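Have a look at the structure below before the remarks.
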Amino acid sequence: MAGFLPELAREAGSAAYADGVSTVDLNRAGIDSLIQLSRASDIATDVHEPLKALLYRRSAGGHGRDELLQRFSSC
């Protein structure tokens with residue numbers, strides 16, 4: 001994880017989010033797996049559902065290859 005931080009810092013500093021390391025589509029797949037596992041383990045998914053919806057909207061809008069960090073850098 002520590003080796004990943006310089007790349008995140010570069011992307012955030014340059015606002016260059018296309019073709020990022022931790023893309024919307026990658027995280028969309030991860031959140032899907034997390035929700036499936038949570039449901040199978042009888043764990044509530046209400047915390048993760050809004051993020052899933054956001055990731056699906058971004059992907060459907062053509063931003064699946066964009067860096068996830070872009071969603072939070074303007075906050």
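Some observations on this one:
The rows are residues; the columns are (1) surrounded by 14 or more Cβ atoms within 10 Å (Cβ to Cβ); (2) in a loop (DSSP other than H, G, I, E, B); (3) modelled with pLDDT under 80.
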| site | (1), (2), (3) |
| --- | --- |
| Gly3 | no, no, yes |
| Asp25 | yes, no, no |
| Ala29 | no, no, no |
| Ile35 | yes, no, no |
| Asp42 | no, yes, no |
| Leu51 | yes, no, no |
| Phe72 | no, no, yes |
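- Hey, Glu7 acidic (Asp, Glu), in a helix (DSSP H, G or I) and either surrounded by 16 or more Cβ atoms within 10 Å (Cβ to Cβ) or at pLDDT 95 or above (or both) or not: no
- Neighbours by Cβ (under 7 Å, 6+ apart or cross-chain): first from the range 49-75, farther than 18 Å from Asp32 by Cα and of a type in the set (Ser, Thr, Tyr); second in a helix (DSSP H, G or I) and modelled with pLDDT under 85: Ser73/Ala12
The values are calculated or read from the model by the stated rules, or taken from the named source; none is laboratory data. Predicted, not measured: the structure shown is a model, and the values here were computed from it. Glycine also receives a Cβ, built like all others from the backbone with ideal geometry; neighbour counts cover every protein chain displayed.
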